[in-house]
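Quick notes on the structure that follows.
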Amino acid sequence: MAYEITLITTMAISILFALSLNFITGFCGQISLGHAAFMGVGAYTSAVMLKAGFPFLFTIPFAGTFAGLLGILVGFASLRVRHDFLAITTMGVVFLFVGLVRQQEFLGGEIGISGIRGSPFGRIGFMYICLGLAAVFAMFSLAVKRSWMGYVFASIADNEDISRVLGIDVSKYKLIAFVVGTSTAGIAGALYTQHFRFVGPDSFGFVESVTVLAMVIVGGIGSVWGVAVAAAFLSVMPLLFQFVNDFKILVYGGLLFCMMRWAPDGLAGIVSRWIKRLRSTS
Amino acid sequence: MLYLELFFQGIVQGSIYALIALGLTLVYGLLRILHVAHAALFTLGGYLGVIITNATGSFLLATAVAMIVVGFVGIAVYKLAYEPLLSKPPFISLIASIALFIASEEIFRIIFGPYGLSYTNPPMQGYFELFGGFFLKYGEALVIALSVVMLVILGWFAAATRLGVSWRATVTDPDMARAFGINTQNVRYMNFFIGSALAAAAGVFVAMLNNLVEPSMGSVASYKALAIIVLGGLGSIRGTLIAAMAIGIIESFGTIYIGHLLDRDALAFAFLIVVLMIRPQGLLGAK
């Protein structure tokens with residue numbers, strides 16, 4: 001039973017993390033190659049506070065706030081640079097984050113922070129918290145997607161200049177997307193800390209950023225259901241199959257490449273094409 | 001004295017960055033693709049260099065063979081990975097490229113083993129004593145010299161040969177070039193061949209300086225080379241060369257003076273972000 005609880009908790013945290021990136025990249029069309037840095041900020045915030053004796057639930061808002069503050073900064077950067085330049089800038093953010101954390105004594109340097117105390121709610125209680133947060137954010141994403149704000153995001157993702165001509169305050173909505181997405185990633189980071197009871201600089205690097213981007217893309221950019229399914233599947237795949245665990249990066253890389261090469265609209269795109277074909281034949 | 005030594009270290013590192021980043025700039029200039037998998041070719045070059053040197057004993061032969069073989073691999077990467085994605089939005093090929101790169105790192109690990117390879121007889125040991133206790137290793141001198149030679153040849157090729165002119169014409173305006181009867185497909189192959197061959201040379205040089213090749217040697221290089229071409233203004237060759245040298249020198253000084261605050265590999269990105277916030281189009285990019 002303990003094994004299933006670990007699986008489900010890991011899954012829930014990954015879903016929350018992937019949906020938070022989906023908010024920025026999927027909804028608003030701003031590519032981010034450094035999303036793990038925001039999870040890292042949340043995870044470290046929570047770890048330091050837990051070590052100082054604060055209760056776990058109390059650390060969650062702080063984890064979200066600090067990650068969101070960094071998110072505003074990167075959001076401002078996204079107002080200055082676009083497309084390829086933004087991709088590389090966000091990539092720079094994650095390298096900066098790892099580079100800074102490595103050299104800080106109080107964050108444990110290369111070794112990281114270990115020996116974090118377990119959840120006061122027990123493993124099952126904690127699993128429900130993670131599932132609950134993931135579900136709440138998924139509902140919120142769905143609601144935003146169907147609201148006027150979702151259409152504004154879609155229009156910015158589609159063509160920024162035309163949106164501006166239409167009178168949309170592009171800068172404002174980009175910042176909103178960044179703040180919501182990054183502070184949610186921070187909250188996912190706090191959950192990560194409590195789940196693994198260890199944080200280190202290598203847990204939040206570039207490969208992790210690409211991994212979460214892989215979840216969003218394999219799921220289908222912008223599709224809440226697709227991304228949640230892909231995140232659940234990809235996050236537990238290495239735990240379920242030893243083969244996948246041994247060659248985790250090869251499998252992720254290969255899958256991501258094949259997806260881009262043959263089905264760039266992801267699972268959601270495959271499913272919707274499939275449904276369309278069923279309807280047209282019947 | 002310390003300043004001069006740091007400066008030379010920076011130039012050596014900068015030459016290597018320039019060789020890697022040049023291929024990226026060429027690909028970006030022609031196809032608007034951020035070719036992250038370029039660094040896999042750099043790693044492949046390093047492996048071939050060490051293996052061939054160990055087998056034949058000739059370092060120069062190894063460099064030449066590595067450059068030619070990797071050049072053709074570069075063409076294959078274009079054919080298999082990028083050509084089918086050209087009509088898709090740009091981030092698709094970027095992510096495909098990242099995926100290809102991280103998968104290739106794992107493939108190197110499986111084929112060549114996780115611990116890396118070294119030269120049985122490391123070439124170019126020994127050093128010049130220039131003046132007042134200032135040493136320059138043969139290897140470092142060779143890297144600077146060969147980098148300059150390769151860049152000069154490339155410059156001559158682009159400026160004074162028919163192929164070079166058709167290449168520049170295609171970069172400037174592909175449709176017009178096609179209308180003048182230039183085979184743009186061949187130009188793309190040539191572009192990938194040259195860029196990949198230069199990356200292979202850089203891989204061989206790094207393998208020589210560290211006497212080690214390992215599966216992950218490309219990762220830092222790839223991201224840093226991206227930082228360099230963005231810094232140079234994406235697609236600008238002169239900007240890339242300047243940015244490569246600047247990053248090389250900044251790193252070599254920065255490690256000493258602010259290394260306790262920031263990891264060496266993060267310095268390039270700190271510099272990049274600062275520059276982009278002031279000049280979003282890069283150092284020499286056009287608006």
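The values are calculated or read from the model by the stated rules, or taken from the named source; none is laboratory data. Just so it is clear, the structure is predicted and the values come from calculations on it, not from any experiment. Reconstructed Cβ throughout: ideal geometry from the backbone, glycine too, with neighbour counts over all protein chains shown.
A few remarks follow.
- Of the residues making up the stretch A:198-224, just one is within 17 Å of residue A:103 (Cβ to Cβ), hydrophobic (A, V, I, L, M, F, W, C) and assigned to a helix (DSSP H, G or I), namely A:204.
- Among the residues of the stretch A:40-58, those identified as more than 25 Å from residue A:171 (Cβ to Cβ), aliphatic (A, V, I, L, M) and assigned to a helix (DSSP H, G or I) are A:43, A:47, A:48, A:49, A:50, A:57.
- Some residue of the stretch A:263-277 being under 22 Å from residue B:221 (Cα atoms), among the polar types (S, T, N, Q) and either surrounded by 16 or more Cβ atoms within 10 Å (Cβ to Cβ) or more than 10 Å from every other protein chain (Cβ to nearest Cβ) (or both): no
- Residue that is modelled with the highest pLDDT [pool: residues in the stretch B:110-157 that are part of a strand (DSSP E or B) and under 20 Å from residue B:245 (Cα atoms)]: B:137
- Test: residue in the stretch B:42-52 that is modelled with pLDDT of 85 or more, under 30 Å from residue B:187 (Cα atoms) and surrounded by fewer than 24 Cβ atoms within 10 Å (Cβ to Cβ): yes
- Given (1) closer than 30 Å to residue B:211 by Cα; (2) surrounded by 14 or more Cβ atoms within 10 Å (Cβ to Cβ); (3) more than 8 Å from chain A (Cβ to nearest Cβ), index of the condition residue B:114 fails: (2)
- Selection status of residue B:150, closer than 20 Å to residue B:40 by Cα and buried (at least 17 other Cβ atoms within 10 Å of the Cβ): no
- Within the stretch A:78-89, the set of residues being farther than 15 Å from residue B:90 by Cβ and more than 7 Å from chain B (Cβ to nearest Cβ) comprises A:78, A:79.
- Condition met for residue A:234 (farther than 24 Å from residue B:87 by Cα and crowded, with 18+ Cβ neighbours inside 10 Å): yes
- Residue in the stretch A:10-22 that is buried (at least 24 other Cβ atoms within 10 Å of the Cβ), in contact with a strand residue (DSSP E or B) (Cβ under 8 Å, 6 or more places away or on another chain) and more than 24 Å from residue B:34 (Cβ to Cβ) present: no
- Among the numbered conditions (1) within 21 Å of residue B:30 (Cα to Cα); (2) modelled with pLDDT of 80 or more, the only one that residue B:281 does not meet is (2).
- Selection within the stretch A:99-117 - within 11 Å of chain B (Cβ to nearest Cβ) and either among the hydroxyl-bearing types (Ser, Thr, Tyr) or surrounded by 24 or more Cβ atoms within 10 Å (Cβ to Cβ) (or both): A:101
- Identity of the residue in the stretch B:60-94, more than 14 Å from chain A (Cβ to nearest Cβ) and without any contact (Cβ under 8 Å) to a residue 60 or more places away in the chain, that ends up surrounded by the most Cβ atoms within 10 Å (Cβ to Cβ): B:65
- Residue check for residue B:216: closer than 15 Å to residue B:38 by Cα, surrounded by fewer than 24 Cβ atoms within 10 Å (Cβ to Cβ) and touching a residue at least 60 places away in the same chain (Cβ under 8 Å): yes
- Counting the residues of the stretch A:202-213 that are farther than 11 Å from residue A:22 by Cα and touching a Leu at 6+ places or on another chain (Cβ under 8 Å) gives 4.
- Test: residue in the stretch B:181-188 that is over 30 Å from residue A:255 (Cβ atoms), part of a strand (DSSP E or B) and not small (Gly, Ala, Ser): no
Results for (1) within 14 Å of chain B (Cβ to nearest Cβ); (2) crowded, with 16+ Cβ neighbours inside 10 Å; (3) out of contact with any strand residue (DSSP E or B) (no Cβ under 7 Å at 6 or more places or on another chain); (4) among the hydroxyl-bearing types (Ser, Thr, Tyr), shown as yes or no for each residue.
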| position | (1), (2), (3), (4) |
| --- | --- |
| A:165 | no, no, yes, no |
| A:168 | no, yes, yes, no |
| A:193 | no, yes, no, yes |
| A:208 | yes, yes, yes, no |
| A:252 | yes, yes, yes, yes |
| A:255 | yes, yes, yes, no |
